[in-house]
Each structure stands twice: as structure tokens, then as C-alpha cells.
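Participant: So that we are looking at the same thing, I have put the structure below in C-alpha cells.
The values are calculated or read from the model by the stated rules, or taken from the named source; none is laboratory data. Keep in mind that this is a model prediction, so the values were computed, not measured. Cβ: placed from backbone, ideal geometry, glycine included. Neighbour counts: every protein chain shown. Side chains included, ligands, DNA and RNA excluded: accessible areas come from the protein's heavy atoms. Shrake-Rupley method; radii C 1.70, N 1.55, O 1.52, S 1.80 Å.
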Amino acid sequence: MNNKNESSANLMHKKTFLKKVLYIVIGIVLFLLIGGWIFLNFFAEGVINRTVIPKLSAATRIATHGRYVLTLGSIQYSYGTVLCRNFELLRARYDSTEEGMVVGKVVIDTVKLTGVSWWDILRGNDISITSMEMNTPRLYMVDASLQAPSPDVIGDSLKNFPQAPSKMPVLGFDSIVLRDILVFLPSRSQESTIPSFRATVKLSNFLLDQESNKKEPLLFSKRVDFSLPTFSYVTEDSFYSVQIRNLKGSLSDSLLTIDSFSYKPNYSEDVYAAKHPVARAGIDFRLTQITLHGINYKKIFAGKSIELHKLEAETWYLNSYLDRRRPPDIHPDDSPMPNEIIQSLPIKLSIDSLILNKGKAIVRERSRGSLKPGVLFFDRTRLTVAPICSDSLGKYFGKTTEITANAYFVGEGLLRATASYPLMDKNFNIKIHGTVGRFDTKKLNTWLIPFERLEVSEGIVESGNIDINIRSGTATTTVTPVYHDFSLKILATDIKEKRGILEGIKTFWANTFVLKSNNLATDDKPAKSGTASVTRHRDEEFMQFLWISLRKSLGKVVGGFK
């Protein structure tokens with residue numbers, strides 16, 4: 001009986017002891033939890049700010065070999081999410097070999113980081129983070145070639161930039177997302193900056209360590225995707241706006257797509273003409289569904305050249321307008337030719353091929369006293385240009401650019417043309433050969449009636465051959481138009497007046513003694529050709545000069561055209 005009582009007492013004693021131990025353990029756990037909660041909410045941020053900010057700054061400095069300095073105002077931490085306030089990344093030193101645009105400064109009010117283990121950071125491990133998000137970062141670009149190179153620090157490299165750990169990244173992110181980026185570009189002439197665009201950029205598998213710094217992959221990431229919903233820019237003279245819509249690209253795929261690009265006038269044609277003291281041509285140019293393949297982004301970022309495999313647009317539109325009611329410019333500026341434009345660009349070009357599909361080109365001019373402009377147009381136009389290369393290191397440098405065009409002149413006559421244009425020649429040299437198919441000459445009335453005060457009554461062009469050889473700005477043009485039953489009317493000079501006896505006499509004289517109504521091949525002789533030589537005036541634009549050369553040659557066959 002006594003033994004039983006002793007066993008019960010021992011059992012009760014053990015249970016009481018275990019309860020005490022359990023209470024003590026629970027108390028310790030509760031104490032640790034409460035202490036941890038107090039630490040995380042009241043003391044952890046202070047510890048993180050004192051520890052993490054210097055580590056982040058040191059990691060950035062080491063990994064970039066002192067090129068960039070990172071400063072942070074403060075860090076707030078909550079369950080793996082970190083908010084960094086007043087983030088500023090500043091370019092501190094430059095190498096003598098650097099050129100082109102580089103990031104000079106990045107300023108962000110708040111940076112959000114997720115998947116951060118502050119415990120690993122406090123223990124001295126490297127920094128590996130799940131994601132970084134930045135809203136409305138401001139990027140200030142600088143031209144590295146204009147910056148003074150920093151003194152040589154190779155002798156102190158071990159002290160200033162010690163070796164980074166090899167087994168773990170110094171600074172790694174699964175993804176970095178920048179939204180609504182505002183980029184500021186420098187001006188070469190003055191210290192002004194130009195706000196560029198609002199874009200979104202995503203960097204995947206970002207890794208900044210000593211090894212990646214040596215290889216310098218694009219933005220230190222395995223994949224870089226970016227998008228630009230819209231971009232607008234008004235030219236300095238305020239007459240035109242440049243607009244881009246829905247631009248998307250990938251540095252990793254060397255690809256860029258754009259829904260639309262436009263270079264449009266900001267004023268109506270009457271207002272545009274009124275704002276210029278002399279006659280000045282205006283243009284409206286648009287492209288849609290643009291794709292750029294094989295872009296060398298490294299060369300673009302380095303400011304060395306724009307290099308790509310192919311640029312293709314699904315549709316395009318060009319409308320040129322000149323109001324000759326304004327007085328002519330007695331001291332006109334030189335109109336540069338395409339070869340001069342290419343050679344004068346501040347950056348070199350290397351484009352294997354340029355393809356413009358389904359285009360429409362319109363030429364419009366309005367004469368004095370006219371109620372509307374004369375119009376000539378080409379529709380269903382396809383242009384290919386290959387190659388375009390002004391880069392002396394490019395594989396196509398010095399190679400003649402070959403141009404092919406298929407279009408329907410005045411919507412009816414199929415035009416096929418080829419051109420050989422050495423864009424790197426100092427002088428304006430080009431050879432053009434073209435053929436035109438059947439069309440009704442009354443289609444020319446859209447130009448002749450309002451602009452020339454002439455009207456085609458009858459006539460069919462069956463075919464035509466065109467050869468233009470331009471050497472040092474002098475064009476020798478030969479045309480062979482095959483046509484029949486051509487006649488026209490001479491209209492009153494004043495648009496408000498009807499044709500009178502004088503216009504009737506002029507019409508009879510022209511059709512009887514001046515114009516050749518037929519130019520057909522016969523069994524004993526071919527159709528007549530006309531050849532003329534014209535030297536370009538320095539203010540004549542490319543298409544204008546070609547039309548003047550063609551018109552003078554046509555006059556040799558048809559008569560009446562000067």
C-alpha cells in the first residue's frame with residue numbers, strides 16, 4: 001500500500017515538473033516571439049539601415065569597379081519586403097576608352113524589394129533578392145566621350161575593389177521592373193536636357209558580380225524586355241510632331257516592334273504656308289507595323305553605330321505639299337541629297353535591308369491663283385533598299401546601295417524601277433532604270449488642270465522606258481513613251497474664267513503643230529526616244545530634280561513640255 005502511494009506521489013511530482021518545464025518553454029517562446037516582434041518593429045530597421053545600406057553601397061562599388069556610387073536615404077522592412085527611400089545611383093568614374101551614351105545618374109523616390117532575407121544579410125552573406133520594382137525612375141544620360149577619365153587606380157585595386165565572393169552573387173535579382181521611366185538626354189551644344197519618354201523595362205536574372213562585370217552583358221541580365229506605350233516630341237521650330245505608339249522590344253532577342261510611327265505637321269496647310277515668308281515644302285510621313293530584326297544593341301548603347309539586319313514596315317504613307325502662292329526664296333538653303341544626309345548623320349548606319357510594303361506617295365503643289373493643289377501619286381508601292389552602310393567597320397561599307405520599287409502611277413500604270421546609288425560617294429551619282437505600264441493620260445488631269453491650267457482630252461500610254469544617269473549632279477535622261485491619240489485643252493489662266501476664243505486658238509495650235517499625238521513603233525522604225533541633260537540647282541530636292549529631268553526629256557518626244 002505504501003509502495004502504491006509512493007508511486008502515485010512520484011508520478012504526480014513528475015507531472016508537476018513537466019508542466020513547469022512546459023510553462024517555462026512556452027514562456028521562453030512567447031518571450032522570444034514578443035522580443036522578435038518588438039525587434040522587428042522597433043529595432044530591426046535601425047540595424048538594417050546601419051548594416052545593409054553600407055553593404056549595398058560596397059557591393060555596388062566593388063562590382064562596378066568604382067564606376068558607380070549608390071546612396072540610400074533609409075530602408076523599411078516588413079516580412080521580406082523592403083522599401084528603399086531616396087535611391088540614387090551616381091556615375092563616379094570613367095575610363096579613357098569609353099564613348100557613347102551611358103547612365104550618369106538614376107534617381108528614384110522609392111524602390112520596393114521582395115524576397116529579402118535580412119538575416120542572411122546581417123550574417124554577411126551576399127545579396128540575392130527575388131524582385132526589385134521602381135516606379136517613375138529618372139535616368140540622366142551622359143556622353144562618356146565628353147567626360148574626363150578618372151586617374152589610374154590599378155595599383156590600389158585590391159584595396160579599393162577587393163575580390164568578390166565566387167560562389168554567390170554580390171548582387172542578384174530574379175527580376176527588376178522599372179515603370180514609367182523618365183529619361184533625360186544630354187545636349188552636345190548646351191547643358192539642356194530633353195525628357196524623352198515614359199517606358200517600362202524588365203530585367204530578368206540580373207547578376208552583378210566580378211565575373212559579369214568583366215563580360216558586361218547587356219544591363220547585366222540574361223533577358224531585358226521593354227515597352228513604350230506612346231511617345232511624342234515636338235520639333236524645335238514647333239512645325240512638326242514625332243509620334244511613336246506601342247513600341248516593344250527585347251535586347252535578348254535583338255528585336256523591336258512598333259505599331260506606328262509618324263512625322264506630322266502641327267498646322268493646317270494654309271497656316272503652315274502663312275507662317276513661312278517664302279514657299280516651303282511640308283511633308284507628312286507615316287509607317288505602321290514596323291519590325292526591326294537583328295539589332296546590335298551593344299553598339300547602339302555605346303553610341304558607335306545603329307546596326308541591324310532588317311527594317312520592315314507593313315504600310316507607309318508620304319504626302320509632300322508645296323504652296324507656290326508664297327514668294328520663292330531668293331536665297332534658298334541647299335537641299336541635301338540622300339548620300340549627303342547619310343554621311344552627315346552623327347551616328348553611323350549599317351542596315352542590311354529596308355523594306356516598305358503597301359505604300360502611297362503623294363506629290364502636291366499649289367500655284368498662284370489656284371483653288372486647289374495639283375496632285376500626282378503612286379499607290380500600292382513597295383520599296384526595298386539594300387544595303388545602307390556608312391560604318392567603315394561594317395561588312396557592306398563601300399558597297400553600292402540597290403533600290404527596287406514597284407508601284408502604280410496615278411493608281412493605274414504599273415511602274416517598275418531599279419536604282420544603283422553609291423551612298424558613300426561625295427558627289428550625287430545615281431543610275432535609274434524604270435518601265436511604266438498602260439494608263440489613261442486623263443489621269444494626269446489631277447495635276448495639269450489646277451497647276452498647269454491644261455486638260456488632257458484623250459490619250460493612252462501603252463508603255464514607257466526611263467533611263468536616268470546622274471553624275472556629279474548632272475542628269476542625262478532618256479525616255480521612250482509609247483502612246484496614241486494624245487490631245488489636250490489649254491484652259492484660261494484665271495481659274496474663275498471659262499475658256500474663250502484665245503484658249504481655243506492656243507489649243508488648236510498646240511494639238512496641230514506642237515504636240516505629237518502618237519508615238520508608236522512601226523515595222524520600219526521604233527518609237528521615238530527623247531534625251532535631255534539637266535544640271536541640278538542646289539535648292540532642288542531629290543524627287544523634284546528627277547521630275548524636272550523627266551519632264552524635259554518628255555518634251556523632246558511629246559512637245560510642249562519644258
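Participant: I'm trying to understand the selection: among the residues of the range 437-463, which are within 39 Å of the chain's Cα centre (by Cα), open to solvent by less than 30 Å² (accessible area, probe 1.4 Å) and free of Cβ contacts under 8 Å to residues at least 40 places away in the same chain?
Facilitator: GLY437, PHE439, ASN445 - these are the residues of the range 437-463 that are within 39 Å of the chain's Cα centre (by Cα), open to solvent by less than 30 Å² (accessible area, probe 1.4 Å) and free of Cβ contacts under 8 Å to residues at least 40 places away in the same chain.
Participant: Please go through the range 424-466 and pick out each residue that is of a type in the set (Lys, Arg), at pLDDT 95 or above and part of a loop (DSSP other than H, G, I, E, B).
Facilitator: ARG438 - this is the single residue of the range 424-466 that is of a type in the set (Lys, Arg), at pLDDT 95 or above and part of a loop (DSSP other than H, G, I, E, B).
Participant: Given the structure, is ASP323 open to solvent by less than 70 Å² (accessible area, probe 1.4 Å) and more than 30 Å from GLU497 (Cα to Cα)?
Facilitator: No: the conditions fail for ASP323.
Participant: Right, here's the next one. Of all residues in the range 53-74, which are assigned to a helix (DSSP H, G or I) and open to solvent by 50 Å² or more (accessible area, probe 1.4 Å)?
Facilitator: PRO54, LYS55, ARG61, listed by residue number.
Participant: Collect the residues in the range 505-546 that are within 25 Å of SER487 (Cβ to Cβ), within 49 Å of the chain's Cα centre (by Cα) and at pLDDT below 85, keeping them in residue-number order.
Facilitator: none
Participant: Continuing with this model, one more query. Which ones in the range 329-386 are farther than 30 Å from LYS442 by Cα and aliphatic (A, V, I, L, M)?
Facilitator: ILE330, MET337, ILE341, ILE342, LEU345, ILE347, LEU349, ILE351, LEU354, ILE355, VAL385, ALA386 - these are the residues of the range 329-386 that are farther than 30 Å from LYS442 by Cα and aliphatic (A, V, I, L, M).
Participant: Something else: Assess whether GLU503 counts as being among the acidic types (Asp, Glu), without any contact (Cβ under 8 Å) to a residue 24 or more places away in the chain and not in a loop (DSSP other than H, G, I, E, B).
Facilitator: Against the criterion (among the acidic types (Asp, Glu), without any contact (Cβ under 8 Å) to a residue 24 or more places away in the chain and not in a loop (DSSP other than H, G, I, E, B)), GLU503 qualifies.
Participant: Right, here's the next one. Are there any pairs, at least 6 apart or on different chains, whose C-beta atoms fall under 6 Å, with the first in the range 479-492 and under 19 Å from THR507 (Cβ atoms) and open to solvent by 30 Å² or more (accessible area, probe 1.4 Å) and the second in a strand (DSSP E or B) and of a type in the set (Phe, Trp, Tyr), and if so, which?
Facilitator: Note: no pairs meet the criteria.
Participant: Being open to solvent by 50 Å² or more (accessible area, probe 1.4 Å), outside any loop (DSSP other than H, G, I, E, B) and out of contact with any His (no Cβ under 6 Å at 6 or more places or on another chain) narrows it down to one residue among LEU311, LEU287, LEU318, LEU247; which is it?
Facilitator: Going through LEU311, LEU287, LEU318, LEU247 in turn, just one is open to solvent by 50 Å² or more (accessible area, probe 1.4 Å), outside any loop (DSSP other than H, G, I, E, B) and out of contact with any His (no Cβ under 6 Å at 6 or more places or on another chain): LEU318.
Participant: Now for a different question. Just give me the residues in the range 394-423 being in contact (Cβ under 8 Å) with a residue 60 or more places away in the chain and either open to solvent by 40 Å² or more (accessible area, probe 1.4 Å) or part of a loop (DSSP other than H, G, I, E, B) (or both), in sequence order.
Facilitator: Once the filter is applied, which keeps residues that are in contact (Cβ under 8 Å) with a residue 60 or more places away in the chain and either open to solvent by 40 Å² or more (accessible area, probe 1.4 Å) or part of a loop (DSSP other than H, G, I, E, B) (or both), the range 394-423 yields GLY394, PRO422, LEU423.
Participant: Also: Out of the residues in the range 247-266 that are of a type in the set (A, V, I, L, M) and closer than 11 Å to TYR297 by Cα, state the one that is modelled with the highest pLDDT.
Facilitator: Out of the qualifying residues, it is LEU256.
Participant: Which of the residues spanning the range 410-459 are aromatic (Phe, Trp, Tyr) and touching a helix residue (DSSP H, G or I) at 6+ places or on another chain (Cβ under 8 Å)?
Facilitator: TYR421, PHE428
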